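As structure tokens, the structure follows; a few thoughts come after it.
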Amino acid sequence: MIGELDDVVVVHSARTPADLACRGELDALAADHPGLRVVWVCEDDSPGSASWQGPRGRLTADLLAAQVPDVGDREVFTCG
């Protein structure tokens, strides 16, 4: 069980929407915890599906700052 989350932002970047790991689980956690915000970023569309409507591109400092304006004041962990 996750305790209270206070102002946590998860930015998940993937090549296509089909590659977004644990999307349902993270969206459910965010729905249950107002202090958790999940941002999904995709480089491209999934073949045969509707076009991606969220943030698009590779995860760069500029894209991260656009999605999390106070990124410089946060503790940041990255993977990949």
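The values are calculated or read from the model by the stated rules, or taken from the named source; none is laboratory data. Keep in mind the model is a prediction, meaning the values are calculated, not measured. Positions of Cβ are backbone-derived with ideal geometry, glycine not excepted, and every protein chain shown enters the neighbour counts. To get the accessible areas, we keep the full protein, side chains included, count just its heavy atoms, and leave off ligands, DNA and RNA. Shrake-Rupley method; radii C 1.70, N 1.55, O 1.52, S 1.80 Å.
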Item to check | Heavy atoms of Val10 accessible to a 1.4 Å probe, total area in Å² rounded to 10 | outcome: 50
Checklist entry - Counting DSSP beta bridges with both partners in the chain, what percentage is antiparallel, nearest 5? => result 0
Next on the checklist: What do you get for trypsin sites (Lys or Arg not before Pro) in the chain restricted to DSSP loop and a cutoff of at most 15 other Cβ within 10 Å of the site's Cβ?
Outcome noted: Arg15, Arg58, Arg74
Next on the checklist: Along its three principal axes, how long is the chain when you only count alpha carbons? Whole Å, largest extent first please.
Outcome noted: 39, 28, 21
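If R₀ is 30 angstrom, what is the calculated FRET efficiency for the pair Ala50 and Thr78, using the beta carbon separation as r and rounding to 0.05? Before the final figure, lay out each step's value.
On the way: r = 29 Å, r/R0 = 0.95.
Once the sixth-power term is evaluated, E becomes 0.55.
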Checklist entry - For the chain, what is the relative contact order in percent, using Cα pairs closer than 8 Å and at least 6 residues apart in sequence? => result 28
Next on the checklist: As I understand it, the value is the acute angle between the Cα axis of helix 23-32 and the longest principal axis of the Cα atoms of the chain; what does it come to in degrees, rounded to 10?
Outcome noted: 30
Item to check | Residues of the stretch 63-80 with amide N under 14 Å of a point placed 7 Å along Cα→Cβ from Glu43 | outcome: 80
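Using just the helices of the chain, give the 222 nm mean residue ellipticity in deg cm²/dmol: DSSP H runs with n ≥ 4 each add -39,500 (n - 2.57), and the total is spread over all residues, rounded to 500. It would help to have the intermediate numbers written out before the result.
Working: 2 runs with 17 residues, N = 80.
Dividing the helical sum by the residues of the chain leaves -6000 deg cm²/dmol.
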